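S.K.: Below: one structure in structure tokens.
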Amino acid sequence: MAEPKVTTTLAQDPLPLSRDSQGVVRVGGTRVSLDSLLHLYRQGATAEEIATSFPDVELPDIYTAIAYYLRHREEVDRYVESRRREAQKMEHEIRRRFPTAELRERLLARRREDAR
């Protein structure tokens, strides 16, 4: 008697990446950004080490995010670079609007007054 043929269906899991309302790519339905995850990966962290840093993200989602990055490196690198430039612009604007030099001088003057 012939053995029954075993077939395996290859299910395609959904990509665990999504954009939030500000355009930030998040991983696994969490608040963890793809660029945060990739920062650790680029520093040499393994998926398991990344999972300890981001316990809300499931390990398979970390592997899938890394695989997506490896398959779409140029596109993801452009996205990460645009996020970096955006953060720099925001930091520059905050420093322009709230200069710390004057604040530092006021705090030091107050400290000198309190010391008298």
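S.K.: Among the listed residues E74, E81, E105, which satisfies the condition of being of a type in the set (D, E), without any contact (Cβ under 8 Å) to a residue 60 or more places away in the chain and within 28 Å of Q12 (Cβ to Cβ)?
M.R.: Among E74, E81, E105, only E74 is of a type in the set (D, E), without any contact (Cβ under 8 Å) to a residue 60 or more places away in the chain and within 28 Å of Q12 (Cβ to Cβ).
S.K.: May I pose another question? Given the structure, is A47 at pLDDT 95 or above, crowded, with 17+ Cβ neighbours inside 10 Å and more than 21 Å from A87 (Cβ to Cβ)?
M.R.: Against the criterion (at pLDDT 95 or above, crowded, with 17+ Cβ neighbours inside 10 Å and more than 21 Å from A87 (Cβ to Cβ)), A47 qualifies.
S.K.: Give the number of residues within the range 62-71 that are aliphatic (A, V, I, L, M) and touching a residue at least 12 places away in the same chain (Cβ under 8 Å).
M.R.: Within the range 62-71, residues that are aliphatic (A, V, I, L, M) and touching a residue at least 12 places away in the same chain (Cβ under 8 Å) number 3.
S.K.: Now for a separate question. Residues that are surrounded by fewer than 12 Cβ atoms within 10 Å (Cβ to Cβ), aliphatic (A, V, I, L, M), free of Cβ contacts under 8 Å to residues at least 40 places away in the same chain and over 23 Å from S21 (Cα atoms): does the range 89-101 have at least one?
M.R.: Yes, that holds for at least one residue.
S.K.: Moving to a separate point now. Are any residues in the range 2-28 under 14 Å from the mean Cα position of the chain (by Cα) and surrounded by 10 or more Cβ atoms within 10 Å (Cβ to Cβ), and if so, which ones?
M.R.: Of everything in the range 2-28, those that are under 14 Å from the mean Cα position of the chain (by Cα) and surrounded by 10 or more Cβ atoms within 10 Å (Cβ to Cβ) turn out to be P16, L17, S18, R19, D20, G23, V24, V25, R26, V27, G28.
The values are calculated or read from the model by the stated rules, or taken from the named source; none is laboratory data. Computed from a prediction, not measured in an experiment: that's the story for all the values here. Note that we place each Cβ from the backbone using ideal geometry, even for glycine, and neighbour counts take in every protein chain shown.
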